[in-house]
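Reviewing the structure listed below.
The values are calculated or read from the model by the stated rules, or taken from the named source; none is laboratory data. Quantities reported herein were computed from a predicted structural model and do not represent experimental measurements. Every residue, glycine among them, receives a Cβ derived from its backbone with ideal geometry; neighbour counts consider all protein chains shown. Each accessible area value is taken on the protein alone, full model and side chains, heavy atoms only, with ligands, DNA and RNA left out. Shrake-Rupley method; radii C 1.70, N 1.55, O 1.52, S 1.80 Å.
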Amino acid sequence: MTDVRQWIVPGRVNLIGEHLDYNGGPVLLMAIDRTLTIKVRRRDDDTVNVWTDRAGSNKASFPTSVRPGDVEGWAAYAAGTVWSLVEAGHAFGGVDVVVESGLPSGAGLSSSAALTCGIAAAIDELFGLGIDRTDLALIAQRAESGYVGAPVGIMDQLAVLHGEGGNAILIDTAATPPTTQLVPIAWEESGLILLVIATGAHHSLADGEYAARRDECERAAAELGLDHLSQAGLDATVRLTDDVLKARTRHVLTETARVRAAVSALNRSAWPQLGAILTASHESLRDDFEVSCPELDVAVEGAIEAGALGARMTGGGFGGSVIALLPLDEVATVRELVEARYAARDWTAPEAFVVHAAGGAHLV
Ligand code: GLA
């Protein structure tokens, strides 16, 4: 078929700046060379068909006038994207979409943002809608918050659409619309790599706890008289009375500072410092924000013990993946130690793989 277009859409890791994107804070991410492939072609009617190679998922069909609640499960991300594009005022016809995943789902590597952003970008190009990448990201975010019902921030979508090989993306989520800036990554020139350890864990409280953390942050900001919690100063934890809100605020405050320090360390190739900042972020997420879990903690501790310069959970938490910065020649040692620690607890072995910074969603 000559009229089929093929898109490559990356997943992402968040290097640092966790739970800051809905608090108006800075975040630093990397699109990765683990990708979804999305094939699309126009149809002559208003039907959208979506096929996936994902185990247990069937083909889904719905009209471009699809409404929230009409489609559930995996295909809701596709239906939500179509709905969100229409809500944003765009007119287009039906499409056939085939999704092939090279991105483990549930690994916290943003397979959902890759799906929504990839479909949005593909429809935009196919029908010449002329939507810029940041607006596509906002449309994809609305697909999740307004259709799927997950109140996510904006960082994953921006990373998936604005990624560049050899670069991290620094996002200012306080700006309207949010702005992105590339930050070159040079650790590989120093013999270091970034390892993803996908724990395979996904604790079901993740969704409810995510919304609860957002709510706590909003309450803390309101009590402090701030528009968003990343504006909090060093006085904030003294002024707040509730211990839980104090701890959440301490995370947001220190994590905001860690993002700035991490960008500076990246720019100076100060790798031991960058590693320590990653580990400090993990400790703050574990102790103050309380979004870690034993599988993440054991992977972080094992990686550091086996020679990583630093490691942290990445993404929303309660499962998903850990990232670790380490010398290339320590990969096997880290993998073996973490696997042994998992085996000792009768946990399924995690999947560990090296990732590199990759380009954003693009047409092949
Ligand atoms: C999830 C959301 C993001 C972000 C992270 C936490 O991955 O999709 O928007 O809020 O959690 O940093």
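Quick one: angle between helix 294-305 and the longest Cα principal axis of the chain, in degrees between 0 and 90, rounded to 10, please.
That works out to roughly 60 degrees.
Taking the chain as the reference, fit the longest principal axis to its C-alpha atoms, fit the long axis of helix 76-87 to the helix C-alpha atoms, and give the angle between the two in degrees, 0 to 90, nearest 10.
Tilt of helix 76-87: around 70 degrees.
Efficiency by 1/(1 + (r/R0)^6): what FRET value for Gln181 and Glu125, r their Cβ-Cβ distance, R0 = 22 Å, to the nearest 0.05?
Efficiency, rounded to the nearest 0.05: 0.35.
So if we plug the beta-carbon distance of Ala343 and His202 into 1/(1 + (r/R0)^6) with R0 = 25 Å, what FRET efficiency do we get, rounded to 0.05?
Working: r = 20 Å, r/R0 = 0.79.
The formula returns an efficiency of 0.80 here.
Using a Gaussian network model of the chain whose springs link C-alpha atoms within less than 10 Å, name the residue from Val86, Val97, Val331 with the highest mean-square fluctuation.
The residue that fluctuates most here is Val86.
Excluding ligands, DNA and RNA, what is the solvent-accessible area per residue of the chain at a probe of 1.4 Å, expressed in Å²? Each step should come with its number before you reach the end.
Values: 14400 Å² over 364 residues.
In whole numbers, the chain has 40 Å² accessible per residue.
For Arg41 and Ser145, what is the calculated FRET efficiency with R₀ set at 22 Å and r taken between the beta-carbons, to the nearest 0.05? Provide the component values of the computation, followed by the final result.
Numbers: r = 29 Å, r/R0 = 1.31.
Step by step, r from the Cβ atoms, then E = 0.15.
If you build a Gaussian network model of the chain, linking Cα atoms that sit under 10 Å apart, which residue out of Ala306, Ala175, Ala159 swings the most?
Ala175
Report, to the nearest whole %, how much of the accessible area of the range 1-117 belongs to carbon and sulfur atoms, 1.4 Å probe, protein only.
Of all accessible area on the range 1-117, carbon and sulfur atoms account for 43 percent.
Under 1.5 on a/c is rounded, so check that first for the range 42-156, then, if it is not, pick prolate when a/b is larger than b/c and oblate when it is not; a ≥ b ≥ c are the square roots of the alpha carbon gyration tensor eigenvalues.
rounded
Could you work out the mean projected area of the convex hull around the alpha carbons of the range 233-364, in square nanometres to one decimal?
Values: hull surface 42.5 nm².
So the Cα hull casts an average projection of 10.6 nm².
Under the Kirkwood approximation applied to all pairs of distinct alpha-carbon atoms, what is the hydrodynamic radius of the chain in Å?
Working: mean 1/r = 0.0480 Å⁻¹.
Final number for the Kirkwood radius of the chain is 20.8 Å.
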